[in-house]
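Engineer: Questions regarding the structure given below will be posed in turn.
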Amino acid sequence: RAARAEGQHPLAGILSCADSRVPPEIIFDQGPGDLFVSRDAGNVVSNYGLASFEFAVTSLGIPLIVVVGHTGCGAVATALGASTSRKDLPGHLPELVKAIEPAVITAHGRHPGDFLAASIEENVRLGMKRLKTQSKIIGDAVTSGKVGIAGGVYDLETGAVNWI
């Protein structure tokens, strides 16, 4: 504990869904101080998340950012439902749906089978792309080889991460 209080040196940054069943430290068998975690419903890339990972890249020297989606994601299911039914959503949910909708559209064209699973995978890919393209700091770090970006889908039933 005393060593952790003096500073942090995480092995990786994790962008994951806020779903309570998706705890990154447990999924990756890591302890306090090992992961730099940012969580939003649907593992979307927000401006605050970008700033957080920019901090982690520039100040903490993380060598890897992992975007983690999960099976049965309610945020992606909501985006999927909203895009097919065009129903109005309350509060700030339309902003969340708008962030996920490009993944749903891409999945619709590529994977006619399990539309939710395909949308979840595409949303992870979209998050990986947005981290690199919406932040010059992160994009430059990836281009130079200083930082890697990976993505996977955590299976709630098996506990396995299926890498993309």
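No lab work stands behind these numbers, since they all come straight from the coordinates. Note that the structure is a prediction, hence the values are computed from the model and not measured. Note that we place each Cβ from the backbone using ideal geometry, even for glycine, and neighbour counts take in every protein chain shown.
Engineer: Students often forget the sequence filter, so: which lysines lie under 17 Å Cα-Cα from Lys129 once same-chain residues fewer than 8 apart are removed?
Structural biologist: Straight-line reach from Lys129, under 17 Å: Lys98, Lys146.
Engineer: Only Cα pairs within less than 10 Å get springs; with that Gaussian network setup on the chain, which residue of Val44, Val153, Val76 has the largest fluctuation?
Structural biologist: Val153
Engineer: Can you say what percent of the DSSP beta bridges in the chain, counting only those with both residues inside, are antiparallel? Round to 5.
Structural biologist: Restricted to the chain, the bridges split so that about 15 percent are antiparallel.
Engineer: A further question on this structure: Within 10 Å, count the other beta carbons around each residue, average over each peptide in 64-70, 19-25, and list them highest first.
Structural biologist: In decreasing order of mean packing, 64-70, 19-25 become 64-70, 19-25.
Engineer: Also, quick follow-up: What is the local net charge at Ile62, summed over the other residues whose Cβ is closer than 12 Å to its Cβ (Lys, Arg +1; Asp, Glu -1)?
Structural biologist: -1
Engineer: Something else about it: Send over the semi-axes of the stretch 82-155's equivalent ellipsoid, whole angstrom and largest first, taken as the square roots of 5 times the C-alpha gyration tensor eigenvalues.
Structural biologist: 27, 16, 10
Engineer: Please give the peptides 77-90, 125-138 ranked by average Cβ packing (other Cβ atoms within 10 Å per residue), highest first, as a rough proxy for protection.
Structural biologist: In descending order of packing, they fall as 125-138, 77-90.
Engineer: Here is a further query. If you build the Cα gyration tensor of the chain and take the root of 5 times each eigenvalue, what three semi-axes come out, in whole angstrom, biggest first?
Structural biologist: Details: eigenvalues 154, 59, 43 Å².
Largest first, the chain gives 28, 17, 15 Å.
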